[in-house]
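The next block holds one structure in the form of structure tokens; read it before the comments.
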Amino acid sequence: MSKKPTSPAPAAATAEPAVLPGRLTAAAALTALEGLALAGLGVYMLFVGIAGDPDSPQQAETGGLTLLALAALPLIAARGLRLGRRWSRGPALITQLMAMPVAWTLWTTGGAMTVAAVALALAAVAVVVLLVNPTATEALGIGPGDDQTR
């Protein structure tokens, strides 16, 4: 009994963009860091809710699960940016717009949260600037006259 050789996958299905601009790679990296930070905070809150002694275990567990769910948006967007997918720009920008009021809230809290506020605000502004840059938009195929097939 001989086995038929399998045909390779179509080139279009496996092809990645030849070279992504550094700006797009940097935006993907920062967006992924934000997602990982959200996921880490979610895991911490969930752990404290289950194994710790919070004032409200249910609130800590719910907050942890919510943060884990919210972490999916920037992580998926970062992967899409890294692969050069045009759809990923929207979720990445939405993530940054959601991060700015959070940074402001951390800033007004003061104390140790000031450092987190500055880091989050700088990352959010940097990603927005990187994603609206013409080099990044061209790499994603966004702009006037571009086809909508990606």
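The values are calculated or read from the model by the stated rules, or taken from the named source; none is laboratory data. Computed from a predicted structure; not experimentally measured. Every residue, glycine as well, gets a Cβ built from its backbone with ideal geometry; the counts of neighbours run over all protein chains shown.
Residue-by-condition table, conditions (1) surrounded by 18 or more Cβ atoms within 10 Å (Cβ to Cβ); (2) of a type in the set (Ser, Thr, Tyr); (3) over 18 Å from residue 140 (Cα atoms):
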| residue | (1), (2), (3) |
| --- | --- |
| 41 | no, no, yes |
| 45 | yes, no, yes |
| 57 | no, no, yes |
| 65 | no, no, yes |
| 79 | no, no, no |
| 83 | no, no, no |
| 88 | yes, yes, no |
| 92 | yes, no, no |
| 102 | no, no, yes |
Residue set 63, 84; condition outside any helix (DSSP H, G or I) and at pLDDT below 95; output residue 84
